[in-house]
Amino acid sequence: MKNLIVLSAIILTSTFAFSQNKNVLEETVTKTTKIKTNKGEQELKEQVQVTQEQDVQLDASDRNKINQDLTTSPVKVTKQETVIEGDSKVILDKKTNFVCEDARCDFLPTENGFTINSSNKDLNATTYQSTNNKYIVETSNGKGIGYFDGDENFIVEIHDKDNNTVIKRVYKQQPQ
């Protein structure tokens with residue numbers, strides 16, 4: 001009797017595990033670029049993973065029929081962009097939290113880079129990715145460049161025209 005109950009439980013859980021009410025399509029595209037730096041030739045990989053999920057919905061007019069038609073349902077598309085430079089791997093797919101000058105900064109991905117939003121207005125910026133995996137950074141203080149270091153921190157260097165100096169900001173990534 002005990003074996004019958006265990007066997008029934010296994011069959012039931014395996015039946016529920018294989019039932020799927022979603023169509024999922026995943027695609028990964030990897031682009032490799034070689035750049036020359038003062039340290040020699042370096043390989044830079046950019047990986048984009050696109051996932052499309054769509055709920056399976058049956059047409060209500062075909063209820064109680066063997067072969068039922070599907071109705072269209074909205075498709076949820078998620079995109080994950082990963083940049084691999086040497087041994088460091090930076091994911092820019094979703095909102096990420098950083099801290100700079102004791103203020104929380106939210107990095108929100110856009111099509112060409114990301115925006116930096118903070119309660120400290122001096123830390124807000126818009127970034128655009130350039131060809132050598134550096135970022136062009138626009139702030140209220142001026143324009144500069146940005147890059148990720150080996151610890152996945154975002155470093156921004158801005159030229160201050162008024163003082164003829166370079167302002168360096170370090171945005172430290174916070175664990176999720």
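All of the numbers you see were taken from the coordinates with simple rules; none came from a lab. All of these numbers come straight from a predicted model, not from anything done at the bench. Reconstructed Cβ throughout: ideal geometry from the backbone, glycine too, with neighbour counts over all protein chains shown.
Just to check I understand the Karplus step: with θ = phi - 60° and J = 6.51 cos²θ - 1.76 cosθ + 1.60, what whole-Hz values come out for region 160-173, glycine and proline as x?
Karplus-based 3J(HN,Hα) across region 160-173 equals 8, 5, 5, 9, 6, 10, 10, 8, 10, 10, 10, 9, 8, 6 Hz.
Once fully extended, how much extra length lies between N132 and V166, figured as 0.36 nm per residue of separation less the alpha-carbon to alpha-carbon distance? Kindly include the intermediate steps, with their values, before the conclusion.
Numbers: separation 34, 0.36 × 34 = 12.24 nm, distance 2.09 nm.
Extra length available between N132 and V166 comes to 10.2 nm.
From the cross-link list K31/K134; K34/K134; K34/K168; K22/K76, which pairs have alpha carbons spaced over 21 Å apart?
Over 21 Å apart, Cα to Cα: K34/K168.
Of the trypsin sites (Lys or Arg not before Pro) in region 125-176, which ones lie in a loop per DSSP and count no more than 11 other C-beta atoms within 10 Å?
Details: sites: K134, K143, K161, K168, R169, K172; in loops: K134, K161.
Filter output for region 125-176: K161.
Determine, for D69, D55, the number of other Cβ atoms within 10 Å of each Cβ, and report the residues in order from fewest to most. Before the final figure, lay out each step's value.
Values: D69 9, D55 12.
Ordered by Cβ neighbours within 10 Å, fewest first: D69, D55.
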